[in-house]
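Taking it in order: structure first as structure tokens, then the write-up.
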Amino acid sequence: MGDDESPDKVIREREFRLPSGIDIGNLDVSENVDDSKKAQKQDDAIGDLFDPFAEPDEDSPGRVSRDGSVSSPPERDIVSQLSTEGEQRVNWILMVSMIVIYSAISIQIGRVFEAQIGTILLLFLAFFGFGLGELWVPKERLSLLGITWVIISMKVLYGLAIELRNWGVIEDDLLLGIVLLLLVVVNILVAYRHDHDAIAAQSTLVLLAIGSTAGTEFGELGVAVMILIATIILHGIAINRGSGNLASLGIASSNLWIGMHAITPQFSAGPLQVLPIEEPLLLFLLLMVVTSLNAYMATVFSKNENWFSKGFETLGLGKPGLWGVSISLGMVGAVLAVASNREDLGYALGMVTFLGGAFGGSYLVVRGVQSRRVSRPLLITATVLTLVLLNDGYVDESLGVSSYHIFTAIGAVVTVAIILRDQSSVSDRVLWVGSVVVLAILVLLVPTDSKSDGDGGFTLLGILSLLHIGTAVLAVRRNSSSLTGVTVILPWSWIVTEKMIEETVRTIMIANDLNEHNGMVHLEPLPLAIYLSLSSVLLFLVNSKMGDSGVNLASGFLGITEISASIRDSGLLNLWSIGLWLPMLTIVILAQFDGFNTLSLVSLLALVSFLHILSFALGLRNSSEEGIIWIVAITYLTIQWRHGLDEWIFVLMCLSISSILYFGKDAVYGLGIGMVAVPMLVFW
């Protein structure tokens with residue numbers, strides 16, 4: 001009996017362990033993954049940066065669920081990351097400190113000692129550093145210290161050359177330039193000797209500095225030619241070494257150098273003179289050629305590692321790609337050049353046009369568009385328009401229009417056509433960041449003061465209206481929450497920001513008994529009211545499509561993500577909510593600084609209120625009617641308290657709140673009736 005039961009027992013146990021039913025877990029079922037969305041999220045050009053409009057995935061690290069739980073905690077928050085990488089950062093800080101200290105020592109030697117003794121001491125210090133470099137660079141643990149000593153030695157040699165000029169040993173500035181160029185060659189050879197980008201980067205900056213001082217002998221043309229030659233050499237070294245570090249440094253520094261020469265007056269650097277580039281055509285062509293070279297380098301090295309990206313990552317700001325970070329830094333210098341010529345609008349916008357064409361085309365190639373498809377129309381257009389610029393006098397006499405205006409018009413059409421043709425390759429992030437950059441440049445360039453060839457803002461606000469219409473159309477076509485957010489937020493936020501900065505500067509100047517600051521942007525009430533009215537309509541249209549999207553302002557910062565989740569759940573940063581309280585806040589601030597007359601103020605308040613009440617009545621928004629009542633009531637009461645308009649405010653308050661009560665819940669009747677009565681109390 002026992003022997004018969006034993007197999008049955010085993011069989012029963014095995015049957016118990018077998019699954020009952022059909023197991024579909026191992027079936028090979030293809031998942032329907034939207035490749036276009038994957039490609040949209042992965043932008044190699046921009047890289048991984050904090051995006052306030054990005055909605056984190058369910059499994060993204062650090063995301064707080066609506067129940068307060070964190071399903072996937074982040075590996076490292078910003079504090080942990082800074083602590084972990086702190087040792088490496090300290091090493092770099094010590095390296096820079098050593099370079100500064102020994103540079104100061106070499107300068108002091110040059111000031112205190114005579115030529116012979118000073119030369120001997122500086123040469124000893126230089127060769128001592130080279131010797132330490134030869135000993136320590138091959139050793140892994142001492143490599144950084146050895147590199148530091150090599151950089152110090154080269155810095156001492158550069159300083160020695162300048163001191164020899166001060167001592168009179170080198171009698172001519174041209175000869176000094178030749179000696180410095182020979183030292184740059186030595187610097188490059190040493191960089192190859194030790195195979196380190198930091199040493200080569202030193203030659204990058206010195207070569208540009210030599211180019212800046214070429215004006216002492218050769219004038220503005222010499223400065224421009226030397227900067228161009230320096231840029232070509234720097235990019236050549238980067239290509240030869242395959243170094244993303246040098247490529248990004250060359251892109252950023254070359255444009256910054258041109259911007260410096262465009263905006264600064266003449267000054268002295270020791271015995272040498274640094275001249276500004278004041279010839280318009282020379283500056284224009286120099287920036288255009290250098291920008292083209294930089295765009296090419298950004299395309300070639302778009303996926304390489306670089307120092308700037310690592311710096312952003314260390315600060316907890318994400319890890320931008322080489323293209324994004326180097327172009328952004330280079331644009332700073334380019335904007336300086338543009339701002340220095342803002343009096344000539346056609347000239348300045350021409351610069352903006354070729355910057356957009358070069359960097360926009362480069363971005364498309366990085367995103368996978370064939371290079372010939374992009375470069376051919378851009379190169380042909382640039383060649384033709386350059387010939388137009390070179391014949392500016394003939395063009396002006398024949399057509400009565402500046403060649404820079406023709407350059408801007410044709411160049412802008414070609415650039416926009418190329419980008420729109422391949423817009424599927426452009427990520428939403430680039431589009432919304434680009435719209436912010438374009439708005440900032442236009443605000444900086446387009447004159448608005450009627451006393452200085454302005455028109456009270458009609459031109460500026462007209463161009464910005466076209467920009468907002470474009471982002472609204474793209475938001476609907478691409479179903480993009482980020483473009484929707486820009487369309488909702490940007491028209492109101494830039495005006496408030498500019499006005500607050502203007503008033504802050506004015507207050508500081510008055511407090512220090514300086515001349516009152518009149519501000520850079522002067523907007524008349526009529527164009528301002530039309531612009532904000534159009535923005536309100538666009539807000540309503542795009543929010544009707546994408547209004548449930550939110551803005552994530554605390555992604556990645558452990559410890560405040562819970563606060564972010566609470567704000568998110570409250571709906572305060574829902575685009576419908578932002579589209580109400582931000583315009584109302586803007587109207588209150590602008591009214592305080594006399595931005596409206598009575599008609600424009602009342603009309604704009606009525607329009608914003610009507611659109612939001614309409615959205616509530618049509619069921620387009622999820623936010624509660626209590627929030628609408630509170631925001632509308634506080635805005636109206638603030639306007640009444642500060643500016644009067646009692647009859648208008650009472651009528652608008654009654655119409656607005658009664659409409660909300662008609663379509664809303666019975667629970668808000670008490671709040672609504674109470675708010676309607678408050679204007680009467682303010683009036684009395």
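Rule-based calculations on the coordinates, nothing more; no lab input. Note that the structure is predicted; figures quoted are calculated from it, not measured. Positions of Cβ are backbone-derived with ideal geometry, glycine not excepted, and every protein chain shown enters the neighbour counts.
Assorted remarks:
- D (Stokes-Einstein, µm²/s), Kirkwood Cα radius, segment 97-248, 0.890 mPa s at 25 °C: 152
- Contour minus Cα-Cα distance for Q266 and N622 (0.36 nm per residue): 122.2 nm
- Fewest-first ordering of S424, S493, S153 by other beta carbons within 10 Å of each residue's beta carbon gives S424, S493, S153.
- Counting neighbouring Cβ atoms within 10 Å and putting the fewest first, the residues M653, M98 line up as M98, M653.
- Estimated FRET transfer efficiency (A511, V384; beta-carbon r; R0 60 Å; 0.05): 0.65
- For segment 418-446 and segment 464-497, distance of Cα centres in Å: 11
- In sequence order, calculated HN-Hα J values of segment 142-148 (Karplus, 6.51, -1.76, 1.60; Hz; x Gly/Pro): 10, 4, 4, 5, x, 4, 4
- For L94 and L175, the difference between the fully extended length at 0.36 nm per residue and the C-alpha to C-alpha distance is 25.7 nm.
- Segment 246-396, Rg to Rh (Cα coordinates; Rh as Kirkwood inverse mean 1/r): 1.01
- Taking other C-beta atoms within 10 Å as the exposure proxy, E278, E220 rank E278, E220 from fewest upward.
- Amide H partners (placed H, <5 Å) of D48, local residues excluded: K319, G321
- Dimensionless Rg ratio for segment 121-162, taking C-alpha atoms and the 2.2 N^0.38 Å reference: 1.14
- Judged by the mean number of other Cβ atoms found within 10 Å, the most tightly packed of the peptides 520-530, 536-546, 247-257, 347-357 leads the ranking 247-257, 347-357, 536-546, 520-530.
- Placing +1 on the Cβ of every Lys and Arg and -1 on the Cβ of every Asp and Glu, with no other charges, gives segment 283-374 a dipole of roughly 380 debye about its Cα centre.
- Distance (nanometres) between label positions extended 7 Å along Cα→Cβ at A417 and R372: 2.0
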